[in-house]
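Colleague: Please see the structure below; I have some questions.
Values in this text are rule-based calculations from the coordinates and carry no lab data. Given the structure is predicted, the values throughout are model-derived calculations rather than measurements. Using ideal geometry, Cβ is built from the backbone for each residue, glycine included, and neighbour counts are taken over all protein chains shown.
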Amino acid sequence: MKKIDPNAVTVKKALCPFCSYGCDFGVVFDDFGIKGVEYIKTGSSEGRLCPRGSAAAIYLDHPRRLSTPLKKGKFVDWSKMSKELSKIIGSPKSIAFTVDRNVTPEEYSAIVGFCKKIGIDDIASTYFEPDAHLVPFMAEPFSMTEMEGTQLVIVLGDPFNYAPMSSRAIIDWKLSNKKNRLVVIDSVNTHTAGFADRFLRVNIGTEPLLLLALANEEYKDIDVAEMTGIDASAIKEISSAIRDAAKGLIFACLSFGRTYDPVLIAESLARLHEFSGMKVVPFVEFAAYYGTQNFATLVEKAKKKKIKYLLNFGELFPFHYPQIMTDFKAVNIYATSTFKYNDHNLLPVPLALEKKGSVITTFGKKKLSGNIEPPSGAKPIVDILNMLSSGYGEAKTTTASKPKLDVQNRLRNLAERAIPRRKNIRLIGEEIAYNFMGFFEPETLKMHPVDAVELGITAHDTVSVSSRHGSVDLAVKLTRDVGKGVVAVAAETPAVRGLFDYEYDNDTKGVNFIPTEVKICRKE
Ligand code: SF4
């Protein structure tokens, strides 16, 4: 029998997959299992890790990790699940394959190859986070050396929370030369904004209007200053600074439930790049795949009962988008998962932390070591595909077609929605690193003190937040970081994310979760 040595520890190197910064770190094991994380001085993040990366040990060893297939909350063995799936793929035109997060590029190629061999035509993305629209900017990897000689950095969003390890590089750059100028665009006052030379605090969802105005583009019947809340002289001055800067960069990150039109944001960033020559550097949670089909097309097919089954590879769909299931009532869902949920049919898979392969980061492709053992019943995606049919090979991945955008029309639509007609409070999402997956702290609701007085709410009260999709109780934090008429929450858990409204994009047929009208009542 093996003798337990309480002092013996092993450190296994890993790559943090929780954002595109791609930090190296170590997972510490002792004879009882996972003990914690270790900061690796020689790694890309120089011995530092953000709260999300530090949560890796909690995630790997979480009591809700899934290790056997589940059918509506009940354990089934792999052979039974395999028989069921084999029968389903026998009718390939009635099944769609979808893909979200926690899938490596190698696994995605295998999925596409499998579909080709079996005759499954519909492959769509179920990664509905707005940062999916920033992925095209990742085609050219970024290097921190590109910050040398940069005089102006425009930041869209909050990288200090989104990819927290970027903060040191941004702060070091800012302090390295008094003339270096940091301009932050956001609708919420954040830590990143607090460090800016100029904080352009825009009205909710109006970022594309400001970005296009900074690119010196003008559109009929749209008063940018009125819509965005940014003074026309400030827009003119910063647009000139962008044009005149010898070297500049644009960092961009987008939060769930924060924008009405992420497609237009991506287009506006591309136009600002064209205007200024400044490179757009995105920080994303995951470099999403596009599929061969648009998600809205799958929904139409499902409504006509042409698609009866859906097999999702990833970790978000459908659990983190519960409201969307109203469009899939007649579809039988199978989904890979790292966590236990009581709905649908679940297939346990390893976390990216436990996989061998690669991951796309802001700095290019990085390797996943596969050093860490997944739970015993978890099957890698490639093993699941092999279990259903072997000899399919990998396939070149194709993408759904990209339509030409009518920017003027989209701006008009945005202008109509960005200024609310009713006095209802709007809920927006934000990214807070220490709220990751709700592992450290539950989500709280940020509210402006004036709204709190009107609603009879005091600091730390618990309130019920209700949208047309459901209701969640949250503790309130009073702060002027959010504007009046707006409440913000870190949308990390399915319950909170399930409050948000969603829309199908008319041009791209993708899905976007938008700022959402809510009712807020104090709990007794
Ligand atoms: S910055 Fe990103 S990659 Fe680095 S530890 Fe945090 S979540 Fe992980």
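Colleague: Quickly rank 251-262, 107-118, 283-294 as a protection proxy: mean count of other C-beta atoms within 10 Å, highest first. Let's see the in-between values first.
Modeller: Details: 251-262: 25.7, 107-118: 20.9, 283-294: 23.7.
By packing density, highest mean first, the sequence is 251-262, 283-294, 107-118.
Colleague: Right, here's the next one. Suppose the chain between LYS80 and ILE419 were pulled fully straight at 0.36 nm per residue; how much longer would it get relative to their current alpha carbon spacing? Could the numbers behind the result be given before it?
Modeller: Values: separation 339, 0.36 × 339 = 122.04 nm, distance 5.32 nm.
Here the answer is 116.7 nm.
Colleague: Quick one: of LYS301/LYS402; LYS301/LYS446; LYS35/LYS74; LYS340/LYS484; LYS41/LYS174; LYS178/LYS477, which pairs are farther than 28 Å apart, Cα to Cα? Could you put the intermediate results ahead of the total?
Modeller: On the way: LYS301/LYS402 20 Å; LYS301/LYS446 40 Å; LYS35/LYS74 30 Å; LYS340/LYS484 38 Å; LYS41/LYS174 23 Å; LYS178/LYS477 35 Å.
Where the Cα-Cα span goes over 28 Å, the pairs concerned are LYS301/LYS446; LYS35/LYS74; LYS340/LYS484; LYS178/LYS477.
Colleague: Go through PHE313, GLN408, PHE283 and say which Cα lies farthest out towards the positive end of the charge dipole of the chain; charges sit on Cβ, +1 for Lys and Arg, -1 for Asp and Glu.
Modeller: PHE313
Colleague: While we're on this one: Using r as the Cβ-Cβ distance of THR479 and SER390, and R0 as 45 Å, what FRET efficiency do you calculate, to the nearest 0.05?
Modeller: Numbers: r = 56 Å, r/R0 = 1.25.
That gives a FRET efficiency of 0.20.
Colleague: If the cut-off is a Cα-Cα distance under 19 Å, which aspartates and glutamates reach LYS80, setting aside same-chain residues fewer than 8 apart in sequence?
Modeller: Correct list for LYS80: ASP343, ASP383.
Colleague: Could you derive backbone 3J(HN,Hα) for region 442-459 from the dihedral phi with the Karplus parameters 6.51, -1.76 and 1.60 (θ = phi - 60°), listing whole Hz in sequence and x where the residue is Gly or Pro?
Modeller: Once rounded to whole Hz, the list reads x, 5, 10, 9, 7, 9, 6, x, 5, 4, 4, 4, 4, 8, x, 10, 10, 3.
Colleague: Still on this structure, I have one more. Mind listing the phi-derived Karplus ³J(HN,Hα) values for region 19-33, rounded to whole Hz, using 6.51, -1.76 and 1.60 with θ = phi - 60°, and x for any glycine or proline?
Modeller: These are the phi-based 3J(HN,Hα) values: 7, 7, 6, x, 7, 7, 7, x, 9, 9, 10, 10, 5, 9, x Hz.
Colleague: How would you order 513-519, 202-208, 120-126, 402-408 from highest to lowest mean count of nearby Cβ atoms within 10 Å? Display every interim value, and only then the final one.
Modeller: Details: 513-519: 20.6, 202-208: 24.9, 120-126: 22.9, 402-408: 12.3.
Descending packing order for the listed peptides: 202-208, 120-126, 513-519, 402-408.
Colleague: How far, in nm, would the chain grow between ASP121 and ALA139 when pulled straight, counting 0.36 nm per residue and subtracting the alpha carbon separation?
Modeller: On the way: separation 18, 0.36 × 18 = 6.48 nm, distance 2.63 nm.
Between ASP121 and ALA139, full extension yields an extra 3.8 nm.
Colleague: Continuing with this model, one more query. Report, in listed order, any pair from LYS116/LYS329; LYS12/LYS509; LYS71/LYS304 with a Cα-Cα distance greater than 31 Å. Write out the running numbers ahead of the final one.
Modeller: Numbers: LYS116/LYS329 27 Å; LYS12/LYS509 42 Å; LYS71/LYS304 25 Å.
Those over the limit are LYS12/LYS509.
Colleague: Restricting to DSSP H runs of at least four residues, report the calculated mean residue ellipticity at 222 nm for the chain, -39500 (n - 2.57) per run over all residues, nearest 500 deg cm²/dmol.
Modeller: Working: 16 runs with 135 residues, N = 524.
Calculated from helices alone, the mean residue ellipticity at 222 nm is -7000 deg cm²/dmol.
Colleague: Need the full-extension length gain, ASP507 to ASP30, defined as separation in residues times 0.36 nm minus the C-alpha distance. One decimal, nm. Numbers along the way, then the final one.
Modeller: Details: separation 477, 0.36 × 477 = 171.72 nm, distance 5.28 nm.
Contour length minus Cα-Cα distance gives 166.4 nm.
Colleague: Mean 1/r over all different Cα pairs, inverted: what Kirkwood radius does region 9-60 give, in Å? Numbers along the way, then the final one.
Modeller: Working: mean 1/r = 0.0922 Å⁻¹.
Result for region 9-60, one decimal place: 10.8 Å.
Colleague: A further question on this structure: Would you tally the net charge around PHE286, using a Cβ to Cβ cut-off of less than 10 Å, leaving PHE286 out, and scoring K and R as +1, D and E as -1? Can you show the working numbers first?
Modeller: Working: positive: ARG101; negative: ASP100, GLU129, ASP131, GLU285, GLU315.
Value of the local net charge: -4.
Colleague: Give me GLU237, GLU300 ranked fewest to most by other Cβ atoms within 10 Å of their Cβ, as a rough exposure proxy. Present the calculation step by step, with values, prior to reporting the outcome.
Modeller: On the way: GLU237 12, GLU300 15.
Ascending number of Cβ neighbours within 10 Å: GLU237, GLU300.
Colleague: In a solvent-free Debye calculation with one equal scatterer on each Cα, what is log10 I(q)/I(0) for region 295-385 at q = 0.13 Å⁻¹, listed in the order of the q values?
Modeller: Each listed q maps to, in turn, -0.55.
Colleague: Kirkwood-based Rg over Rh for region 82-174 (C-alpha set), two decimals? Walk me through the intermediate numbers first.
Modeller: Details: Rg = 20.1 Å, Rh = 17.0 Å.
With Rh from the inverse mean 1/r over Cα pairs, Rg/Rh is 1.18.
Colleague: For the pair ASP197/ALA459, report the inter-label distance in nm, with labels modelled 7 Å from Cα in the Cβ direction.
Modeller: Rounded to a tenth, the inter-label distance reads 3.5 nm.
Colleague: For the chain, build the charge dipole from Cβ charges (+1 Lys, Arg; -1 Asp, Glu) around the Cα centre, then report which of ALA335, VAL453, ALA213 sits farthest towards its positive end.
Modeller: Highest projection toward the positive end goes to ALA335.
Colleague: Considering amide H positions built from the backbone, and no H for Pro or chain starts, which residues 5 or more places from THR361, or on another chain, come under 5 Å of its amide H?
Modeller: For THR361, whose amide H was placed from the backbone, the distant partners under 5 Å are LYS366.
Colleague: Looking at the square roots a ≥ b ≥ c of the eigenvalues of the Cα gyration tensor of region 30-78, which shape do they give, rounded for a/c under 1.5, prolate if a/b is larger than b/c, or oblate?
Modeller: Working: a/c = 3.61, a/b = 2.56, b/c = 1.41.
Prolate, since a/c reaches 1.5 and a/b exceeds b/c.
Colleague: In debye to the nearest 20, how big a dipole does the chain give about its Cα centre with +1 on each Lys and Arg Cβ and -1 on each Asp and Glu Cβ? Mind dumping the intermediate values first?
Modeller: Values: 68 positive and 62 negative charges, 277 e Å.
Roughly 1340 debye for the chain.
Colleague: Please work out the Cα convex hull volume for region 131-282 and give it in Å³ per residue. Walk me through the numbers before you get to the answer.
Modeller: On the way: hull volume 15.8 nm³, N = 152.
It is 104 Å³ per residue.
Colleague: Further, regarding this structure: So how far, in whole Å, is the C-alpha centre of region 60-122 from the one of region 148-184?
Modeller: With region 60-122 and region 148-184 each reduced to a Cα centre, they are spaced 41 Å.
Colleague: Among THR444, GLY483, ILE514, whose Cα projects farthest towards the positive end of the dipole of region 420-522, with charges put on the beta-carbon of Lys, Arg (+1) and Asp, Glu (-1)?
Modeller: Most positive-ward Cα: GLY483.
Colleague: Before anything else, pin down the relative contact order of the chain: Cα pairs under 8 Å, at least 6 apart, normalised by residue count, whole percent. Intermediate values should be presented prior to the final figure.
Modeller: Values: 1125 pairs, mean separation 105.7, N = 524.
Relative CO of the chain lands at 20 percent.
Colleague: Given the peptides 135-145, 466-476, arrange them by the average over their residues of other C-beta atoms within 10 Å, most packed first.
Modeller: Taking the mean over residues of other Cβ atoms within 10 Å, the ranking is 466-476, 135-145.
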